[in-house]
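Laboratory data are not the source of any read-out in this text; all were calculated from the coordinates shown. Remember, predicted model here, so these are calculated numbers, not experimental data. Cβ atoms come from the backbone with ideal geometry, glycine included; neighbour counts cover every protein chain shown.
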Amino acid sequence: MPTAQFLVAAAHSRDFPTDQGGEVAFAGRSNVGKSSALNALLQRKKLARTSSTPGRTQQIIFYGLGEGEQRVVDLPGYGYAKVPAAVKEQWGRLLEGYLHDRESLAGLVLIMDVRRPMRDFDRQLLEWADYFDLPLHVLLTKADKAKKNEARRTLEFLRADLASRFPEVSVQLFSALKGTGVEEAREKLGEWLGL
Ligand code: GDP
């Protein structure tokens, strides 16, 4: 994976980098482990800021890979059920606009906690990916926190369940802490970005 560098944090589509080349966007509920997954995949200790950083929730953050026209994108996620309706609405508009318009978007990576998969946020993303015809790859993260056979069972259940409804969805186990699944996820990114 080429070195990643911060490009821009955009709250509006007018601030997005030029829509050319290829990019892969990461989504997940806050605190699910998205920043940790990005950092593990991009071999950077502190590239992605954690979602506790104030003001970050409403921004789409773009990172450039190497010298080329490839990017990795950190999509805003909201956390728990009690998000004010106005925030959800703004989040929805920004995200939906991005997914709808972005020509260079090659695929989505959805991060879920292996112990608590398929929350409302995750279902919404899956529906959007399906609607916009975008391939989506699920990282079931914090696999180190689950019992091995339980993590396996969740993986197999979701693979079967999602495959029947969303043919362009793939699923794997992941742990940013232990490095589990890092190579498998990088392969997917490489495939989508032509690296
Ligand atoms: P984000 O809000 O989705 O970006 O989540 P973070 O990456 O900031 O992670 C949230 C919390 O989960 C932090 O305390 C991380 O240390 C922890 N965490 C993230 N990934 C893993 C993992 O794979 N295993 C374990 N055990 N903890 C993790």
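For a Förster distance of 30 Å, can you work out the FRET efficiency between the beta-carbons of D120 and S164, rounded to the nearest 0.05? Walk me through the numbers before you get to the answer.
Details: r = 20 Å, r/R0 = 0.67.
Once the sixth-power term is evaluated, E becomes 0.90.
Could you list S164, S175, S104 so that the one with the fewest beta carbons within 10 Å of its beta carbon is first and the one with the most is last?
Details: S164 8, S175 23, S104 18.
Ordered by Cβ neighbours within 10 Å, fewest first: S164, S104, S175.
Name the residues whose placed amide hydrogens come within less than 5 Å of the amide hydrogen of S30, ignoring near sequence neighbours (fewer than 5 apart) on the same chain.
Under 5 Å from the amide H of S30 lie the amide H atoms of Y78, G79, each far enough along the sequence or on another chain.
Suppose only helical runs count, i.e. DSSP H with n ≥ 4. What mean residue ellipticity at 222 nm does that imply for the chain under -39500 (n - 2.57) per run, divided by all residues and rounded to the nearest 500 deg cm²/dmol? It would help to have the intermediate numbers written out before the result.
Numbers: 5 runs with 67 residues, N = 195.
Dividing the helical sum by the residues of the chain leaves -11000 deg cm²/dmol.
Once you place label points 7 Å from the Cα toward the Cβ at D130 and E184, how far apart are they in nm?
My value for the distance between the label points is 2.3 nm.
Using a Förster distance of 25 angstrom, determine the FRET efficiency expected from the C-beta separation of E67 and E103, and round it to 0.05.
0.75
How do F62, F166 rank when sorted from fewest to most other Cβ atoms within 10 Å of their own Cβ?
Taking fewest neighbouring Cβ atoms as first place, the list is F166, F62.
For M112, M1, what's the fewest-to-most ordering of other Cβ within 10 Å of each Cβ?
Least to most surrounded, the residues fall as M1, M112.
Over 24 Å between Cα atoms: which of K34/K148; K88/K145; K88/K147; K88/K188; K34/K88 fall into that group?
Details: K34/K148 21 Å; K88/K145 29 Å; K88/K147 34 Å; K88/K188 30 Å; K34/K88 19 Å.
In this structure, K88/K145; K88/K147; K88/K188 exceed 24 Å between Cα atoms.
For the chain, what class follows from the C-alpha gyration tensor (a ≥ b ≥ c being the square roots of its eigenvalues): rounded when a/c is under 1.5, otherwise prolate if a/b is larger than b/c, else oblate?
Here the chain falls in the rounded category.
Amide H to amide H under 5 Å from A10: which residues, 5+ apart in sequence or cross-chain, H placed 1.01 Å off N in plane?
I60, I61, F62
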